[in-house]
Every structure is written in structure tokens, then in C-alpha cells.
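Trainee: Could you have a look at this structure, given as C-alpha cells, before my questions?
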Amino acid sequence: ADNPLLARVLVNRLWKHHFGTGLVATPDDFGHMGEAPSHPELLDCLASEFVASGWSIKTLHRQILLSAAYQQSSDDNPAAATIDPNNRLLHRMNVRRLEAEAIRDAVLAVSGRLDQTLGGPSVTPYLTDSMAGRGRPSASGPLDGGGRRTLYVGVRRNFLSPLLLAFDFPQPFSSVGRRGTTNVPAQALALLNNPLVHEQARHWAEQLLVDGQSDADRVRRMYVQAFSREPTAAELQSASSFVATRRQEGASEAEAWSDLGHVLFNVKEFIFVR
């Protein structure tokens, strides 16, 4: 009651997690050098209700996710964008790219390899032959980290995952309240060339070939798994034609469907939340 700072900071960090930007855009600086809140009354209202709920984070998540603000479309509104070009007044939902860890976890989840076990020891990170130097572990961990979520993959600051670094994984030298979010060619190249992505595309194909489904049914299944939606008629036709072309080129069934899975991993919709 004497100092609302802690409640405000926690509420702001959860708001940032869901909206991409906090009500205070500088989540680790609420002082004079930080930015002023865009909605100070809302911040204080949520902080007060957060304390009244017994500091229940689940209650706060539910309150934010069920709000009209969170359930808005991300479609652009030119008239509103003229007034609020940076969307600080929340006239629409922000389009957000997944964080590095979530991208890796999503690849594992779609391929069917994600181990959802909670807790346990960390996994030794995978090391390429070029990752040498002081502090190198005696042995490399598995390429897919044993299927464990990225949360459980050990972090060695001299041996960071190239895939995670491409998607703005922060250097583990100091605390980072707000990560940078870039959109650079290295990210497309990482999804095209990283051995983990290729491996998981093969696992995805193996899962698809277990059942004797038609090509169209497999394509529909892949779109639901990757994008949580059915493919459009044009997408269905294009994907089916791609698989047919790979067969004509001499690819095996596993190779053809693995290649299609690799294509879908590289679609922007896979790593962006609208």
C-alpha cells in the first residue's frame, strides 16, 4: 500500500508479454530516464486489482486475455494509423514475431518431437565443430536437445545457438528487460539452412506418412499443425503440386513431404502472430 512500484512493474511486464510493448515502453526503467506510461490510469487500475487478487498472476493473465483490447484484429486501419502511427493507443493488435525460444519450440511441436515434461536438469547445448574455445563442454548435446523446450537447454555464453542468435536471443552478460526484434536476411537463411530445421522437417514427414491419407488430407493436416488454420484452395493446390513435382524429380515420399514441411517452416506466418 505504501509503494505500488512492484505491482506496476509486474503488471507492465505481463502486459508487454501479451501485447509486445508495455504500458510503460521501458519495462526495466520506471524512473525519470524511462518513458511515461501510455495509459497511467489503466496501469494503476490493473496494479490495484492485481494486489487485491492476492498477487495472482493467473488472474491477471485471464483479465488481460479476455479484454476487448487483446481480442482486437491486427488489420491496419489507415484513419487510426494517421492519429496513432505507433499504436500506443492500441487501436489494433500489434503484429508480433515469436521470440527465439518460442520459434525453436514451435518447430519441435509441429514435428511431434517436443517433450512437454516439466522440470528436470538442463540439457547440454548442441555444439558444431566450429564452436571451439575456452569452457567448451566435453561432449555436445543432441541436435534437438532431446526434444526439451528451449527453457531446459543449458546456456553457455561462449557457445550460443546460431539459430537462437539469429532471432535476437540476448547475450547472457546482463539483464535485458526488452529484447530487440529485427527482421534481417540472416533469419531466413537460418530457417533454410539450420540442421535442426532440416531434421525436424524429416520427423514431421515421418509422422505424416504413418497414416495412409491422401495428399490433400496431409496438406490440410500440415497447415492446421503449422498455422492453426486450413489452407486456402490456392495453397492446397500449390502444396499438392509441389509434392507431385518432387516425386517426378525422383524424391522419395519422405523426401517430398519433408521438403514441403521445410517450406512451411519458412513461411512468415509460422513465426509471426497476428
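The values are calculated or read from the model by the stated rules, or taken from the named source; none is laboratory data. Owing to the predicted nature of the structure, the values given are computational and were not obtained by experimental measurement. Cβ placement follows ideal geometry from the backbone for every residue including glycine, while neighbour counts extend to all protein chains displayed. To get the accessible areas, we keep the full protein, side chains included, count just its heavy atoms, and leave off ligands, DNA and RNA. Shrake-Rupley method; radii C 1.70, N 1.55, O 1.52, S 1.80 Å.
Trainee: Can you tell me which residue in the stretch 201-258 is most open to solvent (accessible area, probe 1.4 Å), limited to those that are of a type in the set (A, V, I, L, M, F, W, C) and outside any helix (DSSP H, G or I)?
Mentor: Across the stretch 201-258, the extreme among qualifying residues is 210.
Trainee: I want to confirm something. Restricting to the stretch 47-87 and keeping residues that are of a type outside the set (A, V, I, L, M) and within 30 Å of residue 165 (Cβ to Cβ), which single residue is modelled with the highest pLDDT?
Mentor: Selected residue: 61.
Trainee: Scan the stretch 99-130 for residues that are of a type in the set (Asp, Glu), under 17 Å from residue 194 (Cβ atoms), outside any helix (DSSP H, G or I) and free of Cβ contacts under 8 Å to residues at least 60 places away in the same chain and report the count.
Mentor: So the first thing to find is which residues in the stretch 99-130 are of a type in the set (Asp, Glu), and the list is 99, 101, 105, 115, 129.
Right, trim to under 17 Å from residue 194 (Cβ atoms) and you get 99, 101, 105, 129.
If we keep only those that are outside any helix (DSSP H, G or I) as well, we get 99, 129.
If we keep only those that are free of Cβ contacts under 8 Å to residues at least 60 places away in the same chain as well, we get 129.
So the answer is 1.
Trainee: When the residues of the stretch 131-161 are filtered to those that are free of Cβ contacts under 8 Å to residues at least 24 places away in the same chain and farther than 20 Å from residue 199 by Cβ, which remaining residue is least open to solvent (accessible area, probe 1.4 Å)?
Mentor: Of everything passing the filter in the stretch 131-161, 137 is least open to solvent (accessible area, probe 1.4 Å).
Trainee: On the given criteria, is residue 29 surrounded by 13 or more Cβ atoms within 10 Å (Cβ to Cβ), charged (D, E, K, R) and part of a loop (DSSP other than H, G, I, E, B)? Even if it seems obvious, please write down each step before you answer.
Mentor: Details: surrounded by 13 or more Cβ atoms within 10 Å (Cβ to Cβ): yes; charged (D, E, K, R): yes; part of a loop (DSSP other than H, G, I, E, B): yes.
It is true that residue 29 is surrounded by 13 or more Cβ atoms within 10 Å (Cβ to Cβ), charged (D, E, K, R) and part of a loop (DSSP other than H, G, I, E, B).
Trainee: Among the residues of the stretch 219-264, which ones are under 21 Å from residue 195 (Cβ atoms), without any contact (Cβ under 8 Å) to a residue 40 or more places away in the chain and within 24 Å of the chain's Cα centre (by Cα)?
Mentor: The answer is 263, and nothing else.
Trainee: Within the stretch 118-135, is there a residue that is on the phi < 0 side of the Ramachandran plot and within 17 Å of the chain's Cα centre (by Cα)?
Mentor: The initial filter retains those residues of the stretch 118-135 that are on the phi < 0 side of the Ramachandran plot, namely 118, 121-132, 134.
Subset that is within 17 Å of the chain's Cα centre (by Cα): none.
Within the stretch 118-135 (the criterion being on the phi < 0 side of the Ramachandran plot and within 17 Å of the chain's Cα centre (by Cα)), the answer is no, since none of the residues qualifies.
Trainee: Another question about this same structure. Under 9 Å between Cβ atoms, at least 6 apart or on separate chains: pull out the pairs that start in the stretch 77-94 with a residue that is closer than 19 Å to residue 274 by Cβ and touching a residue at least 24 places away in the same chain (Cβ under 8 Å) and end on any residue that is surrounded by fewer than 13 Cβ atoms within 10 Å (Cβ to Cβ) and among the acidic types (Asp, Glu).
Mentor: Hits for this filter: 93/75.
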